[in-house]
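Here the structure is laid out as structure tokens; the discussion comes afterwards.
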Amino acid sequence: MKPFEETYTAWLDGELSPEEARAFEAGLDPRQRAEAEAERAATRALGDLLRHHLPTPPLPNPDFFNHSLLERIAAEERAAAPAPARSGSPFLRLFWATLSGAAVAAITLAAVVVTTGAPRMTTDFYAVTPPGEGDYYAEILESEPGQPTISAYAFHSSSEQLTVLWLDGLDYLPAEP
Amino acid sequence: MREVTPATDHDRPAGSGSDDLPTDETALIERARRGETAAFDALVTLHRQKVYATIYNATRNEEDAWDLSQETFLKAWKSLHLFRGQSSFFTWLYRIATNVSIDWLRRKKIQSGTPFDDTILPESFEPGSHTAPRREATPRRQIENREIRRRIEAAIETLSPEHRMVITLRELEGESYEAIAEAVGCSLGTVMSRLFYARKKLQLALKDLYETV
């Protein structure tokens, strides 16, 4: 069952089927019918008033409209296009240099550290061997160049095939190794 | 990423211009979906006036309607891959245009900070007031017509964006309930209900005009 305003609107607009219209009109007493007819006339008058006084102007500058639109599309497509890869990017160079340095240090450390037995001190580092065979955690005591504000640690896990070099106290990342 | 073809006839290489474009809309849509802006250009030419009219009737401002029509087609271009052909291309475009218009009307309402006035009283517009149309000489009539138009636009301005879209689509563009429901994205019942209340408000504000004109 449609709410009254829906059915009434459809009746005003002549959008009801003949059966629906008859059913709707049968439900109105003479006074209501007269009011509904007046309302229908008012609706038509309102529509005429709107159409008469609110004409739609033509699109101004239609050719420029297309041109401007296609320019915008081209600009957006250019903006969305991925930037070409630049091998010489300073950021990338710094990233790879840092990564390379860390890898070299970790490999060197892995080659020096004895990974079994009790914790022990060497002249170069203090290493603690955790329970897993072949694993170690080490603090590097001497580094080149020596900077007392920097602490270096290394962790290696044989089972995970993982080596992490951890530096504390760096104020910045060096630009080149 | 779509390859962008040049934007103007002058820039188009031979063979990619509008000369070899199909006249069939479906073929144009297919080529536009492949990134051919010349085909999209032809689609814009086909529908720009109707889109502009829809938006203009909602905004009542030429510059805003022009800009929003651009936005509508830009969105259509970006969303062409989503057009499945389940409705006509224009119905799909129409829906974008009405959404763009309603969004704009909502933003405008928020920026202006003035709520829509649902309480326009008939006594605010006395039939005998200076704004009421009179049957006088033509020059004066023209001035009065401008005043009538201003009053109608002011009355429409008080409607909510949703009510405004529905009444303009129905009364100014003569759209069916089904087309309006599709464009606005609501049910037929909602269209009828919105029409009912929008008309009530406008009749209340403009009754003296259509009873004397």
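Table for the structure above
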| quantity | calculated |
| --- | --- |
| Residues within region A:28-84 that are within 7 Å of chain B (Cβ to nearest Cβ) and in contact (Cβ under 8 Å) with a residue 24 or more places away in the chain, tallied | 1 |
| Inter-residue pairs, beta-carbon under 6 Å, first within 20 Å of B:Ile55 (Cα to Cα) and open to solvent by less than 80 Å² (accessible area, probe 1.4 Å) and in region B:102-118, second modelled with pLDDT of 75 or more and in a helix (DSSP H, G or I), 6+ apart | B:Ile102/B:Pro161; B:Ile102/B:Met165; B:Trp104/B:Leu68; B:Leu105/B:Pro161 |
| Scan of region B:182-208 for residues that are open to solvent by less than 30 Å² (accessible area, probe 1.4 Å), more than 7 Å from chain A (Cβ to nearest Cβ) and under 16 Å from A:Gly47 (Cβ atoms), ordered by number | B:Val191, B:Ala198, B:Ala205 |
| Among the candidates B:Arg135, B:Arg106, residue that is modelled with pLDDT of 90 or more and either part of a loop (DSSP other than H, G, I, E, B) or over 30 Å from B:Glu25 (Cβ atoms) (or both) | B:Arg106 |
| Matching option when the condition is modelled with pLDDT under 95, aliphatic (A, V, I, L, M) and within 30 Å of B:Ser160 (Cβ to Cβ), among B:Ala58, B:Ala7 | B:Ala58 |
| Members of region B:43-82 found to be of a type in the set (A, V, I, L, M), open to solvent by less than 30 Å² (accessible area, probe 1.4 Å) and more than 7 Å from chain A (Cβ to nearest Cβ), listed by number | B:Leu43, B:Val51, B:Ile55, B:Ala58, B:Ala65, B:Leu68, B:Ala76, B:Leu80 |
| Qualifying residue in region B:154-176 (condition: within 28 Å of B:Thr91 (Cβ to Cβ), more than 10 Å from every other protein chain (Cβ to nearest Cβ) and free of Cβ contacts under 8 Å to residues at least 12 places away in the same chain) | yes |
| Test for A:Thr9: is it of a type outside the set (Asp, Glu), touching a Phe, Trp or Tyr at 6+ places or on another chain (Cβ under 8 Å) and at the interface with another protein chain (Cβ under 7 Å from one of its Cβ atoms) | yes |
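Residues checked against (1) open to solvent by less than 20 Å² (accessible area, probe 1.4 Å); (2) under 21 Å from B:Ala181 (Cα atoms); (3) outside any helix (DSSP H, G or I):
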{"position": "A:Glu6", "(1), (2), (3)": "no, yes, no"}
{"position": "A:Glu19", "(1), (2), (3)": "no, no, no"}
{"position": "A:Arg31", "(1), (2), (3)": "no, no, no"}
{"position": "A:Ala34", "(1), (2), (3)": "no, no, no"}
{"position": "A:Leu46", "(1), (2), (3)": "yes, no, no"}
{"position": "A:Thr56", "(1), (2), (3)": "no, no, yes"}
{"position": "A:Leu59", "(1), (2), (3)": "yes, no, yes"}
{"position": "A:Leu70", "(1), (2), (3)": "yes, no, no"}
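The values are calculated or read from the model by the stated rules, or taken from the named source; none is laboratory data. Everything numeric in this text was worked out from a predicted model, so none of it was measured. Because the Cβ atoms are built from the backbone with ideal geometry, glycine has one as well, and the counts that use them run over all protein chains shown. The accessibility values were calculated without ligands, DNA or RNA, using every heavy atom of the protein model including side chains. Shrake-Rupley method; radii C 1.70, N 1.55, O 1.52, S 1.80 Å.
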